[in-house]
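**Student:** Quick one: this structure, given as structure tokens, is what I'll be asking you about.
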Amino acid sequence: MNNEIEMLHPLVLNVGYAVHNADWNWTDVRSPFMRIYYVTGGSARVQLPDGIIELKPHHLYFIPSFTTHSYICDSYFSLYYIHLYEDNQGGHSLLDDWVLPNEISASEHDLDLVKKLCEINPFMKLPESNPDSYDNNPMLMKSLMVNKSRAVYDKVESRGIVYILLSRFLKHAAAAESVKDERIERVLDYIRNHIYENISVRHLAASVFLSEDHFIKLFKQEMCSTPLQYINSKKIEKAQLLLVTENVSVKNIAYRLSFDDYSYFCRIFKKIAGVTPNEYRFTVK
């Protein structure tokens, strides 16, 4: 991973311990932040796009940001939860390049690390487990402000613990969006690193010395979408994150992502996210 660690800037939004009794049942949760769980007792399940995972004690679980999932709990269940926001201004994170496993066995000292993270961040405990209560623009903004106003030593210690926990998953990670053609790999890397800029398909084709038609055909073979569809999906994903973590207008976000036509941005956003940008800002969960 070389110096890619410099692109990883996780901030703790929420951390705490929760006990449930058949009351951890939330459907179609899709958040702009990632989750880490350490299960301590009981049983529950998480429905992910690839299937259902049984949550077992003394295991760590990872749910990436923007992953639609549901919780299923019909008995006693206890866990520690950690919600992390990626504070990367350049538009690209180390985690963009890797697919982390959803489940791993916890190592000997992981529970102590999670408990320590709770101890130094007691004010980041969730008031309730319903995502509607905390997964929205006002609460996320408040959590980010609290995080950034903490003492430097708390920030350093918290980030150190988070790095260690993420390293457990990264040890078993696989390269993301693995493609056979090196030219498409270079294009994907360019898109990730220039997500805030105007990215033209013509420029991408020229950068790998292909005609535009040939490039589009090759890209679709590798990625199962056209270059424009892929670019728009990544831009809208970034817009979703900005909508719930920054107090700026929708139009400002559209222009920041190099959408010159605001109406076009709103149409694309609704097509991909299912709701308008304003609806997303206040109903995300």
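**Student:** Quick check on segment 146-161. Is at least one of its residues assigned by TED's automatic domain parsing to the domain that holds SER258, closer than 22 Å to PRO64 by Cα and out of contact with any strand residue (DSSP E or B) (no Cβ under 6 Å at 6 or more places or on another chain)?
**Tutor:** Looking through segment 146-161, none of the residues is assigned by TED's automatic domain parsing to the domain that holds SER258, closer than 22 Å to PRO64 by Cα and out of contact with any strand residue (DSSP E or B) (no Cβ under 6 Å at 6 or more places or on another chain).
**Student:** For the structure I just gave you, tell me whether SER107 is surrounded by fewer than 17 Cβ atoms within 10 Å (Cβ to Cβ), in the same structural domain as GLY51 (by TED's automatic domain parsing), farther than 17 Å from SER158 by Cβ and without any contact (Cβ under 8 Å) to a residue 60 or more places away in the chain.
**Tutor:** Considered against the rule, which asks whether it is surrounded by fewer than 17 Cβ atoms within 10 Å (Cβ to Cβ), in the same structural domain as GLY51 (by TED's automatic domain parsing), farther than 17 Å from SER158 by Cβ and without any contact (Cβ under 8 Å) to a residue 60 or more places away in the chain, SER107 comes out as no.
**Student:** While we're here: If the requirement is being buried (at least 18 other Cβ atoms within 10 Å of the Cβ) and in contact with a strand residue (DSSP E or B) (Cβ under 6 Å, 6 or more places away or on another chain), which of these qualifies: PHE169, PHE215?
**Tutor:** Step by step, each of PHE169, PHE215 is checked, and only PHE169 is buried (at least 18 other Cβ atoms within 10 Å of the Cβ) and in contact with a strand residue (DSSP E or B) (Cβ under 6 Å, 6 or more places away or on another chain).
**Student:** Say we look at segment 172-187 and pick out the residues that are in contact (Cβ under 8 Å) with a residue 12 or more places away in the chain and either in a helix (DSSP H, G or I) or of a type in the set (Lys, Arg) (or both); which of these is surrounded by the most Cβ atoms within 10 Å (Cβ to Cβ)? Spell out how you get there, then give the answer.
**Tutor:** Of all residues in segment 172-187, those in contact (Cβ under 8 Å) with a residue 12 or more places away in the chain come to 172-177, 179-181, 183-184, 186-187.
Now drop any that are not either in a helix (DSSP H, G or I) or of a type in the set (Lys, Arg) (or both), which leaves 180, 183-184, 186-187.
Details: LYS180: 8, ARG183: 18, ILE184: 20, ARG186: 13, VAL187: 28.
Per the criteria, the residue is VAL187.
**Student:** Filtering segment 149-166 down to residues that are over 13 Å from ASN121 (Cβ atoms) and surrounded by 18 or more Cβ atoms within 10 Å (Cβ to Cβ), which residue is nearest to the chain's Cα centre (by Cα)?
**Tutor:** That would be LEU166.
**Student:** Here is a further query. Give me the residue from segment 240-275 that is in a helix (DSSP H, G or I), under 16 Å from PRO32 (Cα atoms) and of a type in the set (S, T, N, Q) and, out of that set, nearest to the chain's Cα centre (by Cα).
**Tutor:** Among them, the one singled out is GLN240.
**Student:** All but one of (1) in contact with a helix residue (DSSP H, G or I) (Cβ under 9 Å, 6 or more places away or on another chain); (2) over 30 Å from VAL114 (Cα atoms); (3) surrounded by 13 or more Cβ atoms within 10 Å (Cβ to Cβ); (4) modelled with pLDDT under 90 hold for LYS235, so report the exception by its number.
**Tutor:** Result: LYS235 passes all but (4).
**Student:** What are the residues in segment 259-285 that are surrounded by 15 or more Cβ atoms within 10 Å (Cβ to Cβ), of a type outside the set (Val, Ile, Thr) and modelled with pLDDT under 90, if any?
**Tutor:** Listed by number, the residues that qualify are ALA273, TYR280, ARG281, LYS285.
**Student:** Can you tell me which residues in segment 143-154 are closer than 15 Å to GLU119 by Cβ and part of a helix (DSSP H, G or I)?
**Tutor:** Across segment 143-154, the qualifying residues are TYR153, ASP154.
Yes/no matrix, rows are residues, columns are (1) over 24 Å from TYR163 (Cβ atoms); (2) surrounded by fewer than 19 Cβ atoms within 10 Å (Cβ to Cβ); (3) modelled with pLDDT of 85 or more; (4) touching a Leu at 6+ places or on another chain (Cβ under 7 Å):
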position	(1), (2), (3), (4)
MET1	no, yes, no, yes
GLU4	no, yes, no, yes
HIS9	no, yes, no, no
ARG35	no, no, yes, no
VAL39	no, no, yes, yes
ALA44	yes, no, yes, yes
HIS58	no, yes, yes, no
HIS83	no, no, yes, yes
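**Student:** Inside segment 192-215, can you point out the residues that are of a type outside the set (Phe, Trp, Tyr), outside any loop (DSSP other than H, G, I, E, B) and more than 28 Å from the chain's Cα centre (by Cα)?
**Tutor:** ARG202, HIS203, ALA205, ALA206, SER207, GLU212, ASP213, HIS214 - these are the residues of segment 192-215 that are of a type outside the set (Phe, Trp, Tyr), outside any loop (DSSP other than H, G, I, E, B) and more than 28 Å from the chain's Cα centre (by Cα).
**Student:** Still on this structure, I have one more. Considering only segment 26-72, state which residues are assigned to a strand (DSSP E or B) and aromatic (Phe, Trp, Tyr).
**Tutor:** Those that are assigned to a strand (DSSP E or B) and aromatic (Phe, Trp, Tyr): TYR37, TYR38, TYR61, PHE62, TYR71.
The values are calculated or read from the model by the stated rules, or taken from the named source; none is laboratory data. Note that this is a predicted model, so its numbers are computed, not measured. Reconstructed Cβ throughout: ideal geometry from the backbone, glycine too, with neighbour counts over all protein chains shown.
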